[in-house]
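Some notes on the structure that comes next.
No value in this document is a laboratory result; all are computed from the given coordinates. Remember, it's a predicted structure, so these values are computed and weren't measured experimentally. Ideal geometry is used to build each Cβ from the backbone, glycine not excepted, and the neighbour counts take in all protein chains shown.
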Amino acid sequence: MKKYAVFGLLIAFLSFSLVLAENYHLNVSQSVVINGNTISLDNVGSSGSVRISINGLSHTVSGTGKYAGFEITVVDYYYSDVLNDRAATLGISTYTSSGALKAGESTVFGGKTIVLENVGSTGAVMVSVDGIFCTVSGNNICNSVKITVVDYYYSDVKVDRWALLSFDIVTTTTTTIATCTDSDGGKNYYLKGIVTINPTTFVIPKIIIVVINPIFFDIPINYFSGFYRYYTFIMIISRRTFIEDCNNSF
């Protein structure tokens, strides 16, 4: 009796596995629809690798692979010089990634509540971060959280859809923009203006100056007084183009 009981459990287990992983024989260009997903056989290689597409997104399967919630195994194949004669038998089952959120579920990251609102057939997901809604295709920043779609599954039944997401906090920095002031309102061409870049102040003439690397230079500014007067400018800006134009300088 015990042997028959074990044998019966084995038969039940195998039957359950067959329900999860069904075999589909497809010729090139044929497809099968599973839970709202269209899986097509696009090509068969001479060594048994096959190219499939799931809802239009292409994948290459050598042996067994997992793509968009489907585990696909090349059970058998036929290769021919004629493309349309090529065929393959594919074992197809579904899986769920560990740690994935189902549509409508939420998690907390960095003090923010992230809800998986929906999953599209090609992997784009709709999320909300503390009430701010964003669409993520690949990755995107939503309410200062960088969200990446690691894996996903689409179904024609919304509650069965899921996505495995990764999160990173995005920090922002504030850059101080240089401001230009003119002590005489632009009346005197030769009066120097001031450009302030916190925390250092540079003295420059009222002309547009472009500096790419650290440089020291003199500029003659008066040719009418019988002698040359020079202002010396020291610009300490490395590997940047610095352009400044004091208002009303000319």
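Would you point out the residue of region 71-102, among those that are under 30 Å from residue 127 (Cβ atoms) and among the β-branched types (Val, Ile, Thr), that is nearest to the chain's Cα centre (by Cα)? If we take residues in region 71-102 being under 30 Å from residue 127 (Cβ atoms) and among the β-branched types (Val, Ile, Thr), then 96 is nearest to the chain's Cα centre (by Cα). Restricting attention to region 65-105, the residues that are in contact (Cβ under 8 Å) with a residue 12 or more places away in the chain and part of a strand (DSSP E or B) add up to 21. Of the residues making up region 45-60, just one is free of Cβ contacts under 8 Å to residues at least 24 places away in the same chain and aliphatic (A, V, I, L, M), namely 54. One residue stands out among those in region 52-93 that are among the hydrophobic types (A, V, I, L, M, F, W, C) and farther than 23 Å from residue 156 by Cα: the one that is surrounded by the fewest Cβ atoms within 10 Å (Cβ to Cβ), which is 82. Being within 14 Å of residue 94 (Cα to Cα), in a strand (DSSP E or B) and not charged (D, E, K, R) is not true of residue 43. Taking the criterion of being part of a loop (DSSP other than H, G, I, E, B), buried (at least 16 other Cβ atoms within 10 Å of the Cβ) and among the hydrophobic types (A, V, I, L, M, F, W, C), the only residue of region 109-158 that qualifies is 124.
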